[in-house]
Amino acid sequence: MIVDFSLLIEKQPAGDCVVLFKGQQSIINNSQSRTLEPDALSFVDSHAHLEMEQFNGDREVVLQRARDAGVESIVAIGSGTGPGSLDCGIQLAEGHEFVYATIGIHPHEAKLATDADFAELEQLAKRPKVIAWGEIGLDYFYDYSPRDVQRQVFTRQMELAREAKLPIVIHCRPSDNSENAWEECLELIRERWAASGLGGVLHCFTGTWGHAKRALDMGFMISFAGNITFPKAQQIRDAATEVPLDRMLIETDSPFLAPVPHRGKRNEPAFVVEAARQLGELRGLSMEEVGRKTANNFYRFFSLHEKLNSI
Ligand SMILES: [Zn+2]
Ligand SMILES: [Zn+2]
């Protein structure tokens, strides 16, 4: 995957300091190197729906609050409301240096997908700030699209992502008290994707350690969201004690799933620190250490080497 950093850097005034967040600065010079204080707070929200109407009134304020909390990068998930809004993540990423984008059709909207939409996605995949294809997968909880259509659209997007050489971001939600979507999703990934070697992310992980292990063996990262803080989420916490630290990411899935102590409110990227705090409690690490490790994992997995050198 090629990310054009010159494009990102050129948006900054040459030779200037850019304030990343309170009290910390990143020097951007003509050689494009950047440095951070060793103790700089560093978090990456690997999954947020920033384009949603819940943010229409104060989107820039929300983004600044994230920066102030130490959120260094955010992935704007581009599935939007389906066809007609497939570039929504890209628009946000192209307007903000620290935002990256995905593209893809969510299983909820699978029934709306047409050949023209797939052709549009193929073109959008070439935009420089697109780092992954997603979120794609299976949702048998809501069943907004027929399951056979979900499987077809998922499989077709895996083929397109492979051609675009992009990793995939997986959404997988089974029916209540069932593992149906997990079994089918992991099996489709094994059959149709694993050999690509591109890997991906299991986003907002809610499965068992067994599910996580199968995905890890196929080169996936496991991303934990704010629901890891919910009292009933013991299964997620159990899995999180097993997943290797260098294979974890954190996310908010904003505006959904606000973590404790913000539960019931709109979620926002600044709250990603709560997932780090919970993972830290499980693994005997500080929130800051989890933040830095998962940020490092993110830059390494997505080959964002410029950023990786900075932390
Ligand atoms: Zn999802
Ligand atoms: Zn999502």
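The values are calculated or read from the model by the stated rules, or taken from the named source; none is laboratory data. This is a predicted model, so every value here is computed, not measured. Neighbour counts run over all protein chains shown; Cβ positions are idealised from the backbone, glycine included.
Annotations for the structure displayed:
- Index of the failed condition, Asp58 passing every other in (1) at pLDDT 95 or above; (2) surrounded by fewer than 22 Cβ atoms within 10 Å (Cβ to Cβ); (3) within 16 Å of ligand 1 (Cβ to nearest atom): (3)
- If you filter region 231-253 down to residues that are among the acidic types (Asp, Glu) and within 16 Å of Ser46 (Cα to Cα), you find that the one that is nearest to ligand 2 (Cβ to nearest atom) is Asp253.
- Hey, Val153 at pLDDT 95 or above and part of a strand (DSSP E or B) or not: no
- The residues of region 188-213 that are without any contact (Cβ under 8 Å) to a residue 12 or more places away in the chain and charged (D, E, K, R) amount to a single one, Glu191.
- Test result for Ile228, surrounded by 17 or more Cβ atoms within 10 Å (Cβ to Cβ), touching a residue at least 12 places away in the same chain (Cβ under 8 Å), under 17 Å from His47 (Cα atoms) and β-branched (Val, Ile, Thr): yes
- Test: residue in region 87-99 that is part of a strand (DSSP E or B), modelled with pLDDT of 95 or more and either away from ligand 1 (no atom under 16 Å from the Cβ) or in contact with a strand residue (DSSP E or B) (Cβ under 6 Å, 6 or more places away or on another chain) (or both): yes
- Some residue of region 62-83 being of a type in the set (S, T, N, Q), in contact (Cβ under 8 Å) with a residue 60 or more places away in the chain and assigned to a strand (DSSP E or B): yes
- Of the strands (runs of 3 or more DSSP E) contained entirely in region 177-270, those carrying at least 3 residues that are within 16 Å of ligand 1 (Cβ to nearest atom) fall at 200-202, 220-224.
- The residues of region 117-144 that are within 16 Å of ligand 2 (Cβ to nearest atom) and out of contact with any strand residue (DSSP E or B) (no Cβ under 8 Å at 6 or more places or on another chain) amount to a single one, Tyr144.
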